[in-house]
Structure formats: C-alpha cells, structure tokens
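Read the structure below first, then the notes.
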Amino acid sequence: MQIPVILSLVTLGAARSLHTLKPQGSLSVDSASAITGSRSPAAWLQTTKYEPKCHDKRVVDSSDDKFLACPKECPVWADDRGDGIDCNFECVEATPKACIDVNPLEPIPDTERGICRACILYGCSKCTMEGEDKCDECEPGFKLNSKGKCENLNQYYWYAMFAFIGIGNIFVVAWIVDINRRPIVNKDGLKTALDYRSRSKVRMPKTPGSEEGRELWPLDTNLLKTSVAGVGVQLHFNFQFFLIVWALAIGLGWLILSLSVDEALLILGTRRAKTARQNCILVAWG
C-alpha cells in the first residue's frame, strides 16, 4: 500500500507547486471564470456578453455561449468553411439560398436546432439544394428511390442471413430440449460421471486422521496468500490485486490534481455538443 500513498504525495506536491505558480490554472479559459476566480465546473457556462447580428461573422472561442440563439430575422447559424478559418459562424436567414451562400454542403435551414445543416440520410453522399432531407447522389451499395432516399442494395442478403441464423438457433434449442426430455437409460454411468466431476473440483487438503471427504474451499478464502490450485493461480490473483491498487492510485492522483489545479479536470471531455458551433466552443474550452 506504500505505492499509492507515495504516488499521491508526489502528485499533490507537484500540483501544489503548479498551483502556486499559476493560481488560475491552464484550463480556466473562460473569461468570466478568470474574473471571478472561480474554478467551479459550472464556470464553463459563464460567457461574455455578445449580441449576434445578421451576417456578422464571428470566430467562436471558449468565452462564447454555446446556447446563444440568432435573432428572428436570421434565426440559423451557418458555418463558413470556405474562408479557411475554423469555427467561423454567422447568422443567416432560414432559406436554402442563405445557407448555400455560406456553405454549399449544408443547404438545409433547421430552425429547430438553429443551424444550417446537411441532409440526414443513411447512405447519402450528396444532398439536393432544395433545403429538404432529400439525396441527390447515394454512396456505393445504395440506390436512389423516387422519394429522395437511399436504399441498401444488400438489405435482402442481410435478411436472408438473419433468417438462416434464426432457423439454426431454432434447431439448436429444439436439440437441447430433446436431450433434456430423454429418459435416463444408464443410471450407473450417470452417477460415475457426476462423481468424477465432483472429484475434479478444487477442494481443501484432507485433514490427517479424518475419515470425511475433502471439503470445498470457502468463498472468503484469501487467494493472495493461500495456494488453492498451485502457485500460478496465486500469482494471477496477486497481479489482479496490483492492477486494482494501481487504478485506485491513478484515480486518487487525478482527483488530487483536479482539486489542486482546476476542478474543470473532473468534467473534461464529458460535455456534449449537438451542433458544430457548440462543438467548437467546447473544444476551445478544453
């Protein structure tokens, strides 16, 4: 147990030294958090004041509000990917033309999500420019139907394979049921087999002078110190115990580091993004 204790003390010392040199921590990228000095995990929701305007391009960063909505005149965010600048968004009108002018790959104005997006169709490689979930060109292995959807050309092969597997499982289940329902015709052979299986179990050594059979090992047997089935099994469980201790030490070290430097480390990588703009903000935040 000295290993996790020593590791925790070393981690704590390093974290304290870093925290002394830079009190706010390198992950506190939100400007509101920097002003208030807060390291709360909720600080990532605090943002700077910004009122979006129509066709006003802005490169988002960690200080932007990921839930910020565009004005009613231009209610959807469009991601301009043609200027070579990442995470450059602007508010545009909810029309296919306005979305296409900014990004031809996202021609659908989705007012519910507040974004211009591409069509969400399985197997579609190119959407139409009509502003609807219709496909213009399907990927290999799919064909375009009259409704603008892509159909899988191999779906019937999959259906046939699943049907074949299902029929095979029915035969297996029927075979097992038939075996269980068969009468016992060799009781002596069955008893001999059951006795052999019982003797094959790992049991405790026989007590000298005792006429009773060997008992099974109790469930609370310490397999780290007791040789139940040889040295190999004992070494295996010692190795498993070491892995558990090592994982606990890593977790404890990360907890101490988070509490010492920045509590945002505890939620790093757990925030979700539903749009490209939200994803840009979260990536900039960390």
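Structural remarks
- Here the accessible area is traced with a 1.4 Å probe on the protein chains. For segment 232-286, carbon and sulfur cover 70 percent of it.
- Rounded to whole numbers, the Karplus 3J(HN,Hα) couplings from phi for segment 129-143 are 9, 8, x, 10, 7, 10, 9, 9, 8, 9, 6, x, x, 10, 10 Hz, using 6.51 cos²θ - 1.76 cosθ + 1.60 with θ = phi - 60°, and x at Gly and Pro.
- Anisotropy class of segment 60-99 from Cα gyration tensor, a/c 1.5 cut: oblate
- Sequence-distant aspartates and glutamates (8 or more away, or on other chains) whose Cα lies within less than 17 Å of residue 206: 215
- Distance violations [Cα-Cα > 28 Å] among 149/274; 66/147; 53/149; 66/97: 66/147; 53/149
- Sulfur and carbon atoms: percent of accessible area, segment 97-140 [1.4 Å]: 49
- Full-stretch length increase - residue 153, residue 225 - with 0.36 nm per residue and alpha-carbon distance subtracted: 19.9 nm
- Between the listed residues 146, 177, 158, the Cα displaced farthest toward the positive end of the dipole of segment 130-177, a dipole computed from Cβ unit charges relative to the Cα centre, is found at 177.
- Under the Karplus curve 6.51 cos²θ - 1.76 cosθ + 1.60, θ = phi - 60°, whole-Hz ³J(HN,Hα) for segment 52-60, x wherever Gly or Pro sits: x, 10, 5, 6, 9, 6, 8, 7, 6
- Probe 1.4 Å, protein heavy atoms only - accessible area per residue of segment 194-286 in square angstrom: 72
- In the context of the full set of protein chains, residues of segment 39-174 present 63 Å² of accessible surface per residue (probe radius 1.4 Å, heavy atoms only).
- In nm, spacing of pseudo-spin labels at residue 178 and residue 53 (7 Å Cα→C-beta vector): 8.2
- Cross-link reach list, lysines versus residue 201, counting only Cα pairs under 17 Å and skipping chain neighbours closer than eight places: 191
- Amide hydrogen neighbours beyond the local backbone of residue 79, cut-off 5 Å, H modeled: 116
The values are calculated or read from the model by the stated rules, or taken from the named source; none is laboratory data. Not measured: the values here are computed from a predicted model. Cβ atoms come from the backbone with ideal geometry, glycine included; neighbour counts cover every protein chain shown. For accessibility, only protein heavy atoms count, side chains too; no ligands or nucleic acids. Shrake-Rupley method; radii C 1.70, N 1.55, O 1.52, S 1.80 Å.
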